[in-house]
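The values are calculated or read from the model by the stated rules, or taken from the named source; none is laboratory data. All figures in this text were calculated on a predicted structure; none of them were measured in a lab. With ideal geometry, Cβ positions are generated from the backbone for all residues, glycine too; neighbour counts draw on all protein chains shown. Heavy atoms of the whole protein, side chains included, go into the accessibility calculation; ligands, DNA and RNA do not. Shrake-Rupley method; radii C 1.70, N 1.55, O 1.52, S 1.80 Å.
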Amino acid sequence: MPRITIDGTVYEFEGRPKLLQFCLDHGIELPHFCYHPALSIPANCRQCLVEVGMPVIDRETGKPKLDENGQPVIQFMPKLQTSCSLDMADGMVVKTHRTSEKVARAQRDNLEFLLINHPLDCPICDQAGKCPLQNQAYKYGPEGSRFEFLKVHKPKRVKLGPRVMLDAERCINCTRCVRFTDEISKSHQLTIIERGVKNYPITPPGVEFDDPYSMNVIDLCPVGALTSIDARFKARPWEMSATPSITITNAKGSNCYYWVRDNLIVEITPRANTAVNDYWLPDEDRLDYHRFNENRPDGPEVRRDGRLVRVSWEEAYDRAAALLSGIEGQRILFLGSAYATVEDNYLLKRLAEALGADTPVYIPHIEPGHGDGWLRTDDRTPNAQGCQRLGILPVDEALVQSRLESGDIQAVYVLEDDPVGSGLFSAEALADIPVILHYYNTTNQTLAVADVALPAATVVETIGTYVNCDGHAQRVRPAKAIRTVNRVLMREIGKSRLDQHGTPYDRWYNEKHQVDCKPSWEILPEVAERLGHPLRYKGPKYIMQEIAETIPAFAGATYEAMGLEGVRLVEIGAEV
Amino acid sequence: MAVNGVQSKAGDWRNYKRVLLPPIRDLHRLEVYEAHGGYQTLREVLTSDRWDPKAVIEEVKKSKLRGRGGAGFPTGLKWSFMPPVDDRPRFLCCNGDESEPGTFKDRQLMEFNPHQIFEGILIACYAMSVRTCYLYVRGEFARWIEHMEHELEKLYARGYVGQNIMGTDFSADIVIHKGAGAYICGEESSLMESIEGKRAYPRIKPPFPAQRGLWGYPTTINNVETLANVPLILRNGGEWFASIGAPNHPGPVLYGISGHVNRPGVYEYPTGMLITDLIYEVAGGIRGGKKLKAVIPGGSSTPPLRADMIDGVTMDAESLREAGSMMGTAGLLVLDEDTDMVSWLRRVTHFYAHESCGQCTPCREGTGWLENIVTRIDEGEGRLRDLDLLLDLCDQMEGRTVCALADAAAWPVRYTILRFREEFEAKCKPSLIPTGIDVAPTATE
Ligand SMILES: Cc1cc2nc3c(=O)[nH]c(=O)nc-3n(C[C@H](O)[C@H](O)[C@H](O)COP(=O)(O)O)c2cc1C
Ligand code: SF4
Ligand code: SF4
Ligand code: FES
């Protein structure tokens, strides 16, 4: 196998990798800006320079020349090479800044150049704290600057489109944003204009940067030149925690980070996962966080004298059980949910089974034309496939409507959905029978007819599993804390300061913004127990373990197997 | 200049007969060019058994023709880098973007002898089995572009360009492409980007154009003057060409002489002319009988030579390298004793700062910084330490960029300071803390 020597260590490699990517894959850090694994390689920032040598080949024998110690004679190229664009070759010898003063100096020089016209407005820059330029300048840059002239001034507040703001002075002209619109989103909405130090990216005249994926350039930008109009000036990176999870606007389940400050979601950014969304997020996924902060309920309620009144959780469970206990299982309609996790739907199914009811069904939320064949799907729910794998199938609307009308359905148990809002039932049709509702937001229209209203934890407050449209099972983690103490949630949410999860010990943890809700996997066992059917689990992990062991469509899908990037169920042997 | 005359490699240059810009009236018109034997070489190449494409390349190799675009790369060798013919398109780009300060010889060719360029292009296309050539012309040359387009139409009408040229089964198109005012478009890879309709950012090499050029296909780029030499080589033989001028860098060449001389202009002579002959004989000496201060031998990016450095130096790659400069485009800038070298350098740094495409960091930031400092010195606000900083910045730019513009910007700075340092020092203020003075008093006393 071909070999390469990097700073004296020999590595074997296959194929023709580029040196920079190889180094990054092997934990050898090299400063760089313009290189991105998903984009073409322009080698324009010139930050990733290394010294490169090749063995001298003896013309007569065709073999490498050896020195007196039997080592191959290495001839170093006179110019430093950009590692991002360099094809590795057998016998190559590379010196990085760790072993070459020449390389260290070139990196320092380059950073000096990058900073001379940079506005250095880090104190007010959203990128500060997670800025590759800032980090690398501290690590590899010069002590100060020898530049004693007026910096070049460029436009500082350019609205490129509805969602992205440009500060051209901060731009280091790496062209990542332009390459993204040329090569990935193919909208071709950005280009560099001007020349030399005046360069900056902009839209062509008359064009608005309204690409549905426009906000990805914000994360691509290695400086604070491109910022989110929605998020800018809201919070500094070090004031926030970032929780790895997935987005739920559609069935793709793109991987993301939820950024939390004061126990509110303030931003959603993409998380790389080549099996799902590569490095990208649709803008719509990223802006879809208000539902976690706004119109949230405040504790459970039951209907008394026609009005919902606030009660304790215990009282709410008692009431739900009391309403259901008089009714024959067959007469209760259990509505599962493509918004809820696999675990929650599974518990609902177990409860239905225990009461002798039909298997739950779910309400599909399909928006034809929303999908784009990429990271948006027509299906606006995150877990339809998870439901189906549990045997929870789309509801036969006509059937349940006629059953309700004929009095065959005498109670409805709704898991995290809105049958009235979605048009499955009219409010009048449900008015006279008990309705038990797990819900996220006070905008839920079924609340008007609910007899027991149980606030459920949302994707950013719970633990659980979703299966995306391609059969990829992924875990979610709690990003923000709920009011009640739940040991299982606390364990995941509050690991350490390093993870920057919001914990009671972090100063940005804010009780005011804790919603009094509970995960459905905590609510359902309470109700079940009161109906005489214990459904006790130590937590969602154990529920999933049972699912993985008993349901062939989930065979092997344990939390360990899913890890941070999830698993493709077919690949671990689960049935389709 | 008898002593120097002996050292000239240009032979009997006083009786030299011009072949690139022959003294023929209206030669730019097809009828006149044909009447003087034009396109006969092309016909010979296309129809004679002797000239298969390989033989043409061999002949060009034999001629030792080196590119006239600035880098002086052997043309025949460059052509032979083209991969074997397959079903992919292949391209030739003829570089007429001529924008380097001090260089104005391609324009003469396009104005006075465009058909020799066309003929050279067609022969080159034949040699490399290329079907399409883009002639990229600096947009400011609008008048000659218009004229060349007119002549090109005539060529199409006559069947000299296009399908089945001269009734043979060889076909080739020529497309004239106008530049839009950027010096960087003359750099071969950004020239291709520009033709592709993109922003003219130079590409990283490798891959080289012969592997992956225009639209990703095998491509060769040659300068206008380079290709205008090709019909001559095929007509008179490679050996004839190789015998003209300096043996290692032979052929006729267009010297563009500008600056403080009595008769500035473009002059055609063999390579290997003594610089002194060019200044004092060809261009009629320094204006007003003044003394020479410096010569920039090959366009503004080549290092300037002090007057005392040019004795016996001839215009060819070898001699100029030994003297500490380069042949470049053979555009000589002659500066007399009154020239303020700082002011001159200020103008040059302004040009490169203005023309840097801004793609790579050291060039984008460095060219502007160089201009800032040189301007400050020129305005009497500089300090001595600025000179070291300038040299430092040259180190930080040279060899670390995508294309050679950064080098082209750094060389004049480096060598003007090294060779005319006293002029810079005279304009600088002393540094705030003079060296050699112990500024830290000892406390123990
Ligand atoms: C910044 C820059 C500008 C250039 N401008 C020109 C030009 O205007 N005309 C030209 O013929 N070559 C120019 N060149 C050189 C070309 O890159 C290329 O080497 C040349 O066209 C090759 O032709 P030749 O081999 O016939 O010399 C330039 C190079 C650089 C780095
Ligand atoms: S705006 Fe950011 S991503 Fe775009 S070129 Fe500038 S630095 Fe690069
Ligand atoms: S060296 Fe200068 S001109 Fe050449 S690619 Fe880099 S920035 Fe552009
Ligand atoms: S990462 Fe920018 S040049 Fe290599």
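So how many residues does the stretch A:175-191 have that are open to solvent by 10 Å² or more (accessible area, probe 1.4 Å) and farther than 20 Å from residue A:372 by Cα?
The total comes to 6.
Of the conditions (1) away from ligand 3 (no atom under 16 Å from the Cβ); (2) within 12 Å of another protein chain (Cβ to nearest Cβ), residue A:94 fails just one. Which one is it?
(2)
If you take the residues of the stretch A:202-227 that are buried (at least 18 other Cβ atoms within 10 Å of the Cβ) and over 27 Å from the mean Cα position of the chain (by Cα), which of them is farthest from ligand 3 (Cβ to nearest atom)?
So, considering only residues that are buried (at least 18 other Cβ atoms within 10 Å of the Cβ) and over 27 Å from the mean Cα position of the chain (by Cα), the one farthest from ligand 3 (Cβ to nearest atom) is A:203.
Assess whether residue B:389 counts as being more than 8 Å from every other protein chain (Cβ to nearest Cβ) and either over 24 Å from the mean Cα position of the chain (by Cα) or touching a residue at least 60 places away in the same chain (Cβ under 8 Å) (or both).
No.
Here's the yes/no breakdown for (1) touching a Leu at 6+ places or on another chain (Cβ under 9 Å); (2) within 16 Å of ligand 2 (Cβ to nearest atom):
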{"site": "A:208", "(1), (2)": "yes, no"}
{"site": "A:213", "(1), (2)": "yes, yes"}
{"site": "A:237", "(1), (2)": "no, no"}
{"site": "A:244", "(1), (2)": "yes, no"}
{"site": "A:257", "(1), (2)": "no, no"}
{"site": "A:262", "(1), (2)": "no, no"}
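Does residue A:348 fit the bill of being in contact with a helix residue (DSSP H, G or I) (Cβ under 9 Å, 6 or more places away or on another chain) and in a helix (DSSP H, G or I)?
Against the criterion (in contact with a helix residue (DSSP H, G or I) (Cβ under 9 Å, 6 or more places away or on another chain) and in a helix (DSSP H, G or I)), residue A:348 qualifies.
Somewhere in the stretch A:162-178, is a residue within 16 Å of ligand 1 (Cβ to nearest atom), over 14 Å from residue A:223 (Cα atoms) and facing chain B (nearest Cβ under 10 Å)?
Checked the stretch A:162-178: no residue is within 16 Å of ligand 1 (Cβ to nearest atom), over 14 Å from residue A:223 (Cα atoms) and facing chain B (nearest Cβ under 10 Å).
Could you go through the stretch A:34-57 and let me know if any residue there is out of contact with any helix residue (DSSP H, G or I) (no Cβ under 7 Å at 6 or more places or on another chain) and either on the phi > 0 side of the Ramachandran plot or open to solvent by 40 Å² or more (accessible area, probe 1.4 Å) (or both).
Scanning the stretch A:34-57, I find at least one residue that is out of contact with any helix residue (DSSP H, G or I) (no Cβ under 7 Å at 6 or more places or on another chain) and either on the phi > 0 side of the Ramachandran plot or open to solvent by 40 Å² or more (accessible area, probe 1.4 Å) (or both), so the answer is yes.
For residue B:253, state whether it is surrounded by 23 or more Cβ atoms within 10 Å (Cβ to Cβ) and more than 16 Å from ligand 4 (Cβ to nearest atom).
Considered against the rule, which asks whether it is surrounded by 23 or more Cβ atoms within 10 Å (Cβ to Cβ) and more than 16 Å from ligand 4 (Cβ to nearest atom), residue B:253 comes out as yes.
For the stretch B:332-360, which positions are charged (D, E, K, R) and assigned to a loop (DSSP other than H, G, I, E, B)?
B:337, B:338, B:340
Starting from residues that are near ligand 1 (Cβ under 6 Å from one of its atoms) and among the hydrophobic types (A, V, I, L, M, F, W, C), keep the ones in the stretch B:60-99 and report whichever is farthest from residue B:126 (Cα to Cα).
Result: B:71.
With the checklist (1) among the aliphatic types (A, V, I, L, M); (2) open to solvent by 10 Å² or more (accessible area, probe 1.4 Å); (3) under 19 Å from the mean Cα position of the chain (by Cα) in hand, flag the one item residue B:228 doesn't pass.
(2)
Could you check the stretch B:1-94 for helices (runs of 4 or more DSSP H) lying wholly inside it with 2 or more residues that are in contact (Cβ under 8 Å) with a residue 40 or more places away in the chain and within 21 Å of residue B:253 (Cα to Cα)?
Those helices (runs of 4 or more DSSP H) span B:2-7, B:53-63, B:75-80.
Can you tell me which of A:305, A:230, A:318 is out of contact with any Pro (no Cβ under 7 Å at 6 or more places or on another chain) and either at positive phi or without any contact (Cβ under 8 Å) to a residue 60 or more places away in the chain (or both)?
Sole residue among the options that is out of contact with any Pro (no Cβ under 7 Å at 6 or more places or on another chain) and either at positive phi or without any contact (Cβ under 8 Å) to a residue 60 or more places away in the chain (or both): A:305.
For the structure I just gave you, tell me whether residue A:197 is within 16 Å of ligand 3 (Cβ to nearest atom), more than 28 Å from the chain's Cα centre (by Cα), open to solvent by 10 Å² or more (accessible area, probe 1.4 Å) and within 14 Å of another protein chain (Cβ to nearest Cβ).
yes
Report, by residue number, each residue of the stretch A:70-83 that is open to solvent by 60 Å² or more (accessible area, probe 1.4 Å) and within 14 Å of another protein chain (Cβ to nearest Cβ).
Passing the criteria: A:76, A:77, A:78, A:79.
Residue-wise test of (1) within 14 Å of another protein chain (Cβ to nearest Cβ); (2) under 24 Å from residue B:200 (Cβ atoms); (3) in contact with a Gly (Cβ under 7 Å, 6 or more places away or on another chain).
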| residue | (1), (2), (3) |
| --- | --- |
| A:45 | yes, yes, no |
| A:48 | yes, yes, no |
| A:51 | yes, no, no |
| A:59 | no, no, no |
| A:63 | no, no, no |
| A:68 | no, no, no |
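Residue-wise test of (1) loosely packed, with under 14 Cβ neighbours inside 10 Å; (2) at pLDDT 95 or above; (3) assigned to a helix (DSSP H, G or I).
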position	(1), (2), (3)
B:130	no, yes, no
B:134	no, yes, no
B:140	no, yes, no
B:148	no, yes, yes
B:153	yes, yes, yes
B:157	yes, yes, yes
B:192	no, yes, yes
B:204	no, yes, no
B:232	no, yes, yes
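Listed here are the residues, each with its yes/no results for (1) among the aliphatic types (A, V, I, L, M); (2) touching a Pro at 6+ places or on another chain (Cβ under 9 Å); (3) open to solvent by 20 Å² or more (accessible area, probe 1.4 Å); (4) in contact (Cβ under 8 Å) with a residue 24 or more places away in the chain.
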| residue | (1), (2), (3), (4) |
| --- | --- |
| B:272 | no, yes, no, yes |
| B:275 | yes, yes, no, yes |
| B:285 | no, no, no, yes |
| B:289 | no, no, yes, no |
| B:295 | yes, yes, no, yes |
| B:298 | no, no, no, yes |
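From the list A:150, A:120, A:111, A:86, which one is open to solvent by 80 Å² or more (accessible area, probe 1.4 Å) and under 36 Å from the mean Cα position of the chain (by Cα)?
After ruling out the rest, the residue left standing is A:120.
Looking only at the stretch B:371-385, how many residues end up being within 11 Å of chain A (Cβ to nearest Cβ) and buried (at least 23 other Cβ atoms within 10 Å of the Cβ)?
Total satisfying the criteria: 2.
Hey, could you check the stretch B:300-320 for residues that are closer than 16 Å to residue B:418 by Cβ and assigned to a helix (DSSP H, G or I) and say which is most open to solvent (accessible area, probe 1.4 Å)?
B:308
So, in the stretch A:441-471, how many residues would count as being under 30 Å from residue A:555 (Cα atoms) and either touching a Leu at 6+ places or on another chain (Cβ under 7 Å) or buried (at least 24 other Cβ atoms within 10 Å of the Cβ) (or both)?
13
Would you mind finding the one in B:118, B:170 that is open to solvent by 10 Å² or more (accessible area, probe 1.4 Å), under 21 Å from residue B:76 (Cα atoms) and not in a strand (DSSP E or B)?
Exactly one of B:118, B:170 is open to solvent by 10 Å² or more (accessible area, probe 1.4 Å), under 21 Å from residue B:76 (Cα atoms) and not in a strand (DSSP E or B), namely B:170.
Within the group B:242, B:246, B:210, which residue is surrounded by fewer than 22 Cβ atoms within 10 Å (Cβ to Cβ), among the hydrophobic types (A, V, I, L, M, F, W, C) and more than 19 Å from residue B:94 (Cβ to Cβ)?
The unique qualifying residue is B:242.
Assuming residue A:187 fulfils every condition listed in (1) of a type outside the set (Phe, Trp, Tyr); (2) closer than 14 Å to residue A:220 by Cα; (3) away from ligand 3 (no atom under 16 Å from the Cβ) apart from one, which condition is it?
Unmet for residue A:187, out of (1) of a type outside the set (Phe, Trp, Tyr); (2) closer than 14 Å to residue A:220 by Cα; (3) away from ligand 3 (no atom under 16 Å from the Cβ): (2).
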